[in-house]
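Structure, as structure tokens:
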Amino acid sequence: MSASRLATGGSDIDRGCPLSFTFDDRRVEGFAGDTIASALLASGQAVVGRSFKYHRPRGIWGSGVEEPNALVDVESAVGRVPNARATTVQAAEGIRVRSVNASPTAETDRNAVLDRFARFLPAAFYYKTFMWPDWHLFEPRIRAMAGLGVVDPDWKPRQVSDQVNHHCDVLVVGAGPAGLAAAASAAAAGHSVVLVDDRTQPGGSLRHRGGEIDGVEGRAWVEAAVARLNSGGQLVLSDTTAFGLYDHNLVALNQRHADGRPDTLWRVRPRRIVLATGAIERPVPFANNDLPGILSADAALSYLRRHGVLVGRDIVVATNNDSAYEPALALAAAGASVMVVDCRREGGAQAKSGIRVLAGRTITAARGRNAVQGVLLDDGTTVAVDCVLVSGGWTPTVHLFSQAKGKLAWSDQLAAFIPGEAIEGIGVAGAVAGTVSLSEALASGVAAAGDFASSSPAPRGTGSEAMLGVVSLWPKPKAKGRVWIDYQSDVTAKDVELAVRENFVSVEHLKRYTTLGMATDQGKTSNLNGLALLADITGRGIPEVGTTTYRPPFTPVPFASLAGSRRGSMHAPVRRLPLEANHRAAGGVFQEYGGWLRPAYYGGGEAGASIQEEARRARQSVALFDGSTLGKIEVIGPRAAEFVDFIYYNTMSTLKPGHCRYGFMLSENGVVFDDGVLVRVDEHRFIVSCSSSHVAAVHARLEEWRQDRFGRDSVYIHNATAQYATLTVSGPNARQVVEALDLGAALDDASLPHMAVAAGRFAGDEVRIARVSFTGDRSYEISIRADRAEALWTRMRQEGRAFDAVLLGLESLMILRAEKGYIVIGKDTDGTTMPHDLGVAGPRTKRVNEFVGRRSLFTEAANSTNRNQLVGLAVREGEAPLATGAHGVEKGGSGLKSIGFVTSNYQSPTLGRPVALALIERGAARHGETIDVQHLGVVRQATIVAPCAFDPEGRRLHA
Amino acid sequence: MQLFPCPFCGPREESEFHYGGEAGNLRPDGEVTAERWAGYLHMRDNPKGPTREIWVHMTCGEFFAMSRDSVNHKVSGSSVLGDVEHGA
Ligand SMILES: [Zn+2]
């Protein structure tokens, strides 16, 4: 191949603005306006990459998004972009471009030898070859050999990608003649228009194929049309790909910026969409049709007219249609020797001086090592060439139409699928709709705007109009040599034949078995040739074979663009305590618990020892902890008591104002959903104190039952969790510390017994003091406005000093509650646990009024005698704690069977031994029994005991 | 991403909504057969085509009924909960 830059020409480049960059460390010269691909061609670089599987040398094939071969990693000041298509990235001064899947360079790749073994590496050879003994032994080597670009794991975007939501009347995708006609017509009718094109310059085919519209030369017409849109306040976005069309006609755009800013994601909701997405030229099947120097004929014309690059000197053009003649004539006029090999008998009717046409002939094979050097024709003659241009017909770019669930229709005349029955709100125009001539394209653009078009007539092509006259030239079975179907996935015609022999005859199966169309280009050039071959082998028509499903994205989209600001700490934001800064100052080590960032332990020492020390000291004098995450959902109204009775498993309407009660909420399937304390503030006002991580879910359930069953007027629900901080004082000396806070409430046990609530004031603010306990010791939960909590906490710590108060993190709190057999829903229960499994059977047998989940407590399963029930497990003296998740086992059937599992286990510093909770089959009736517990193959013994291991009489609650 | 019409807030993106179940699946109170209760808990029509469903708009907290086509995802309307959905 001897591509070169011509002395003149190239509408896109600025010869006054030279630039240079490196490709595989070699210096490449170009001009502003070059793509990486056009500059590489101009510099004579034939091999630009290695194929995915066989490491075959590959050159540039196309000139846009369809490019299957020229994938490159592009490194610039803003970072590295892997697997970019060299045809769509603008060349820029100083960028470093590397070929992918090649080492050290594309030209001298050391894995090129793999191609010699190609016959041992057919489709699906991985599945067949590397099964024994274990795929994972082979995987690292295979992944290293068969790969694409390199991702830099340390890369961080310098700024967040913008995401824009936009509404408009008409969104036009594609700024070729059809799209421009649609946009101009809608704008003229007074509608708001967004026109997007994935190229840097608008105009589509008008930029390199001749054309004259309303007497004006094509490119001049484009400039004027775009200028009118811009001056009319319409939005014209270049370098912007419409990559997804979703339900309700939402269109997602990815906009690239030349100034180094990260890409922008647009979500556009137009009232009407016009798809003017064009068509992609197909390769022509012959052996070795993947050699560097074999290009799309249209791409060659584009490089000539837009970049002043002549792709070869001795050129053969292989075609089955008329569209290849314009490139042939133009390249001949630019100085190349050109011969057209046209498979049509009457081909070449358009031929003019300067080119030779062989009608009714095809290419059988190409020859050459790292570049094409000659072709063998079907009449046995050979021709020496340095470049082969191919045009196997045009495949309409129907991706977005298909994503919108549009059905495709087969056109014999075009030898392609085109959009079928119209979809509401979407028009199709131009080549994607199957138009061939310029006038047809322009008229279809105006028509596609539908009700949004102006009444003015469509522009007209006034020059000579294009013809197509395409005939089928599909890959044939049993062809000699290796005929490439999918360049990027390295799939040949033989692979398709093999798949059919192994009965993968559905197009979806063919795709997955051979990987046809599964590479980063998603088969833009290969899919139709692949399914035409499948149709031929299986004796079906192409429409009968059908296409695979088109899914977004049309081209790869950077994750940074999709993520926008939702990255790092913003990816899944944690909820934070109002007193986080105070806890940090006190040495709190934070972890996430159910979406909340909470202190796990304090002091910054070794975690295990710190946690044990906190739990030990908490039992000795007094402990302080921040329970602000507990739910505080207010239920207010004349039917509030009736409402909480229905919501809770336990009867709550009998609760006296000023008191609270522990209870379960069930799901309708009878399974325990949440537990917690309900406070009755007064006759018509309750506060649901649910589990920290369940607040949102409990709130949603309360709302659901309120709206569905009680009506909006009789109960009102307000989630006040974030408004209050709840600070807890627990331990034998808790009352003395709370007394010292001077809250103005009577704290003697007659006035404020266990499970009672009192109102007080701290520094002028109302506080609520609840005597509830999650530690088993006398405890006071004091709730205060979140913004006044710091003063209360500071005072608590001051008053606590005289009593050697200890700060409790969540980990030591878990030890204290496990010592007492207090459960955590979802940890000590699973998706089958009912309240009677937890030893709370009273309401089930006694309650007569309706409550959530009631009927489910009396099903056959609920009445079963071998349910898993909550127990404690004791290990033998001196043994280590059991593992959470370890299974109780007994002999059954052919081996061991599970009889339940350990749900919580901790070393208790107060008891000097491990404590464990478990759900064990028939456990409640088996206290004292010793069972086998298996974990990771090791079986130990444990004795079933009551869940409560510490102070079973509950004296310390009142001590 | 689809747009759903909250009867209280107007059209909003689907990510603000949560599915609540098929409309008309009335809760049987009191003594009901296991079959009837299992039907309420588990049996769904899952119709292909037009459906009437309960959704909740999580940002305003309101439940409502929405008519939707399960094939083409077209939404034909939404309304506040009525007698059919309440079982009142
Ligand atoms: Zn709403």
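The values are calculated or read from the model by the stated rules, or taken from the named source; none is laboratory data. Because the structure is predicted, anything quoted here is derived from the model rather than measured. Cβ atoms come from the backbone with ideal geometry, glycine included; neighbour counts cover every protein chain shown. Surface areas here come from the heavy atoms of the whole protein model, side chains and all, with no ligands, DNA or RNA. Shrake-Rupley method; radii C 1.70, N 1.55, O 1.52, S 1.80 Å.
Here are some notes:
- Number of the condition not met by A:G427 [criteria: (1) outside any strand (DSSP E or B); (2) open to solvent by less than 20 Å² (accessible area, probe 1.4 Å)]: (1)
- Just one of the listed residues (A:R847, A:R867) is over 41 Å from the mean Cα position of the chain (by Cα) and touching a residue at least 12 places away in the same chain (Cβ under 8 Å), namely A:R847.
- Scanning the stretch B:24-51 for residues that are assigned to a loop (DSSP other than H, G, I, E, B) and within 11 Å of chain A (Cβ to nearest Cβ) yields B:N25, B:L26, B:R27, B:P28, B:D29, B:G30, B:E31, B:V32, B:T33.
- Restricting the stretch A:820-861 to residues that are within 14 Å of chain B (Cβ to nearest Cβ) and acidic (D, E), the residue that is least open to solvent (accessible area, probe 1.4 Å): A:E850
- The residue of the stretch A:48-68 that is farthest from the chain's Cα centre (by Cα), among those that are farther than 17 Å from A:A299 by Cβ and in a loop (DSSP other than H, G, I, E, B), is A:R56.
- Qualifying residue in the stretch B:62-69 (condition: of a type in the set (K, R) and more than 8 Å from chain A (Cβ to nearest Cβ)): yes
- Filtering B:C6, B:C60 for residues that are open to solvent by less than 20 Å² (accessible area, probe 1.4 Å) and either touching a strand residue (DSSP E or B) at 6+ places or on another chain (Cβ under 8 Å) or within 13 Å of the ligand (Cβ to nearest atom) (or both) leaves a single hit, B:C6.
- Single match in B:V75, B:V80 (criterion: among the hydrophobic types (A, V, I, L, M, F, W, C), in contact with a strand residue (DSSP E or B) (Cβ under 6 Å, 6 or more places away or on another chain) and surrounded by 15 or more Cβ atoms within 10 Å (Cβ to Cβ)): B:V75
- Residue check for A:N669: over 40 Å from the mean Cα position of the chain (by Cα) and of a type in the set (S, T, N, Q): no
- Single unsatisfied condition, B:E13 versus (1) on the phi > 0 side of the Ramachandran plot; (2) touching a strand residue (DSSP E or B) at 6+ places or on another chain (Cβ under 7 Å): (1)
- Of residues in the stretch A:448-487 being closer than 14 Å to A:A182 by Cβ and hydroxyl-bearing (S, T, Y), the one modelled with the highest pLDDT: A:S454
- Tally, over the stretch A:700-719, of residues that are assigned to a helix (DSSP H, G or I) and more than 8 Å from chain B (Cβ to nearest Cβ): 5
- Test: B:R68 is over 25 Å from A:A696 (Cα atoms), of a type in the set (K, R), touching a strand residue (DSSP E or B) at 6+ places or on another chain (Cβ under 7 Å) and away from the ligand (no atom under 16 Å from the Cβ): yes
- Filter result for B:F8 (at negative phi and more than 9 Å from chain A (Cβ to nearest Cβ)): yes
- Test: residue in the stretch A:304-322 that is at pLDDT below 95 and part of a helix (DSSP H, G or I): yes
- Just one of the listed residues (A:R369, A:R344, A:R361) is basic (K, R), open to solvent by less than 20 Å² (accessible area, probe 1.4 Å) and in a loop (DSSP other than H, G, I, E, B), and it is A:R344.
- Selection status of A:G260, at pLDDT below 95, surrounded by fewer than 18 Cβ atoms within 10 Å (Cβ to Cβ) and either away from chain B (no Cβ under 14 Å) or more than 14 Å from A:T200 (Cα to Cα) (or both): yes
- Filter result for B:G82 (under 12 Å from the mean Cα position of the chain (by Cα), touching a residue at least 24 places away in the same chain (Cβ under 8 Å) and more than 16 Å from the ligand (Cβ to nearest atom)): no
- Against the list (1) closer than 16 Å to A:G278 by Cβ; (2) open to solvent by less than 10 Å² (accessible area, probe 1.4 Å); (3) not charged (D, E, K, R), the condition A:V390 fails is (1).
- Within the stretch A:621-642, one or more residues are of a type in the set (F, W, Y) and either closer than 30 Å to A:H684 by Cβ or surrounded by 21 or more Cβ atoms within 10 Å (Cβ to Cβ) (or both).
- Any hit, the stretch A:460-482, residues being without any contact (Cβ under 8 Å) to a residue 60 or more places away in the chain and crowded, with 21+ Cβ neighbours inside 10 Å: no
- Residue list for the stretch B:9-57, restricted to those being open to solvent by less than 50 Å² (accessible area, probe 1.4 Å), near the ligand (Cβ under 10 Å from one of its atoms) and not aromatic (F, W, Y): B:C9, B:G10, B:V56, B:H57
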